[in-house]
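Written out below as structure tokens is the structure these notes cover.
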Amino acid sequence: MPVCLINLQMLRLRKIEPSDLPFLYQWENDAASWADGANHNPLSQQDLRDYIASTTGDIYKDGQLRLIICLNDPINDPYGEADRMNEVNKEMVNDQMVNGATLGCVDLFDFDPRNRRAAIGMYIAPEYRGKGVGHEALKQLEAYAFDFLHLRCLYAVIATNNTPCSTLYSHAGYTPSSVLSAWTLESDAVIWIKTNKEKHNK
């Protein structure tokens, strides 16, 4: 497993803000990621402005939730963990990973309140991949989904040719449940599942 350069004290998930428009515009129009998601066409800045304006941040109202992954700023990191990480690992961590940097986003979607389950989506900006960001963001998302929303089950549908994501969910304790044959034009897919009980048994 790769060395994790990010820890939970340094990373936080927050509600989407209008100032996130430039990041969302870049991420949603990253054609390299379209095969792994539901988006198959470019989105305009107006499309994303409308989305930001319409989202409430309440999964029960919207049926989905997007949270932005960022490094803690000094207000949210009173013990200076981020600064110490940058000092210790400064030769290994991208220079752009400064306090408050926006690293990507995580989604809960296909929310089913009756059966208390939701699907997970994640996008990490290319320059921040391989540094443990996805692993730590997933931990925080699980804590919110299981401990606050009291969901019973989280799952992710991952293409079989997406080795980094399969490795992420495997290391995070998700179980490969079933294979979806010919799920995309390029490959089959696997449903990775984790239940609330499994989380508390770790």
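The stretch between ALA53 and THR184 holds 44.0 nm of extra length on full extension. This uses 0.36 nm per residue minus the Cα-Cα distance.
The calculated FRET efficiency for the pair SER33 and GLN140, based on their C-beta separation and a Förster distance of 25 Å, comes to about 0.75.
Taking the average, over residues, of other Cβ atoms within 10 Å as the packing measure, peptides 191-197, 18-24, 118-124 rank 118-124, 191-197, 18-24 from highest down. Amide H to amide H distances under 5 Å link GLY104 with ILE69, ALA125, where only residues 5 or more positions off or on other chains count and H is placed in the peptide plane.
Determine the alpha carbon to alpha carbon distance for each of LYS61/LYS131; LYS15/LYS197; LYS15/LYS131 and list only those over 25 Å. The pairs that break the limit, which is 25 Å between Cα atoms, are LYS61/LYS131; LYS15/LYS197.
Ranked by the mean number of other Cβ atoms within 10 Å of their residues, highest first, the peptides 41-52, 129-140 come out as 129-140, 41-52.
The numbers here are math on the coordinates, done by the rules we state, and not lab data. Since this is a predicted model, take the numbers as computed values, not measurements. Because the Cβ atoms are built from the backbone with ideal geometry, glycine has one as well, and the counts that use them run over all protein chains shown.
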